[in-house]
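Quick one: the structure is below, and I'll ask about it shortly.
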Amino acid sequence: MTVHSRGVKPPLSPDTDALTKAPPVPRYLAPQAKAEWKRIMPQLIARRVITKADLSGVENYCICIGTVRQIEEDRAGGQIDVKLFGVMNRAAQTARQLAAEYGLTPTSRARIGAVQSADDDDDNPLAV
């Protein structure tokens with residue numbers, strides 16, 4: 001019998017080519033996107049899950065978060081334009097998907113430690 005794994009994301013693990021120092025914030029990012037870059041980059045570096053090849057995806061995540069925040073700031077308690085709501089909704093959805101890819105959500109962070117060694121049964125009181 002084969003195990004169905006379609007749609008199941010593999011666990012995150014430290015990368016051998018992981019960056020050890022945060023690259024500078026791209027100059028072309030909006031202020032809100034720059035703030036997000038500065039907020040998440042230390043976490044990604046510390047977990048060793050980000051490589052040079054991943055930087056464009058992180059930039060896209062920051063751009064999407066920046067877009068959502070900019071629309072919210074511009075709205076400032078007033079009514080939101082229906083078209084802007086569509087843009088904000090798609091940016092938020094894309095940001096959530098990208099966040100999951102880089103271990104920035106609770107569920108994806110849990111996957112980082114999901115794989116344990118086979119001799120770990122001694123610490124598990126439920127192990128048979």
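The values are calculated or read from the model by the stated rules, or taken from the named source; none is laboratory data. No experiment lies behind these values; they were computed from the predicted model shown. Cβ sites come from the backbone with ideal geometry, for glycine too, and all protein chains shown count toward neighbours. These area figures cover heavy atoms from the full protein model, side chains too; ligands, DNA and RNA do not enter into them. Shrake-Rupley method; radii C 1.70, N 1.55, O 1.52, S 1.80 Å.
Is it fair to say ARG109 is modelled with pLDDT of 85 or more, open to solvent by 80 Å² or more (accessible area, probe 1.4 Å) and not polar (S, T, N, Q)? Working first, answer last.
On the way: modelled with pLDDT of 85 or more: no; open to solvent by 80 Å² or more (accessible area, probe 1.4 Å): yes; not polar (S, T, N, Q): yes.
Considered against the rule, which asks whether it is modelled with pLDDT of 85 or more, open to solvent by 80 Å² or more (accessible area, probe 1.4 Å) and not polar (S, T, N, Q), ARG109 comes out as no.
Here is a check on your reading of the model: is GLY103 of a type in the set (Gly, Ala, Ser) and over 12 Å from the mean Cα position of the chain (by Cα)?
Numbers: of a type in the set (Gly, Ala, Ser): yes; over 12 Å from the mean Cα position of the chain (by Cα): no.
In short, no.
Further, regarding this structure: State all residues of the range 56-99 that are in contact (Cβ under 8 Å) with a residue 40 or more places away in the chain and closer than 24 Å to ALA22 by Cα; if no residue qualifies, say none. Even if it seems obvious, please write down each step before you answer.
Looking only at the range 56-99, we keep the residues that are in contact (Cβ under 8 Å) with a residue 40 or more places away in the chain, and these are 57-58, 61, 70, 73, 98.
Within the range 56-99, GLY57, VAL58, TYR61, LEU98 qualify.
This table checks each residue for (1) more than 19 Å from SER108 (Cα to Cα); (2) open to solvent by 90 Å² or more (accessible area, probe 1.4 Å); (3) modelled with pLDDT under 90.
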{"position": "SER13", "(1), (2), (3)": "no, no, yes"}
{"position": "THR16", "(1), (2), (3)": "yes, yes, yes"}
{"position": "THR20", "(1), (2), (3)": "yes, yes, no"}
{"position": "PRO24", "(1), (2), (3)": "yes, yes, no"}
{"position": "GLU36", "(1), (2), (3)": "no, no, no"}
{"position": "VAL58", "(1), (2), (3)": "no, no, no"}
{"position": "GLY66", "(1), (2), (3)": "yes, no, no"}
{"position": "ILE80", "(1), (2), (3)": "yes, no, yes"}
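Only one of ALA18, ALA35 is within 21 Å of ALA100 (Cβ to Cβ) and assigned to a loop (DSSP other than H, G, I, E, B); which? If you could, list the steps in order and put the result at the bottom.
Values: ALA35 fails: assigned to a loop (DSSP other than H, G, I, E, B).
After applying the criteria, what remains is ALA18.
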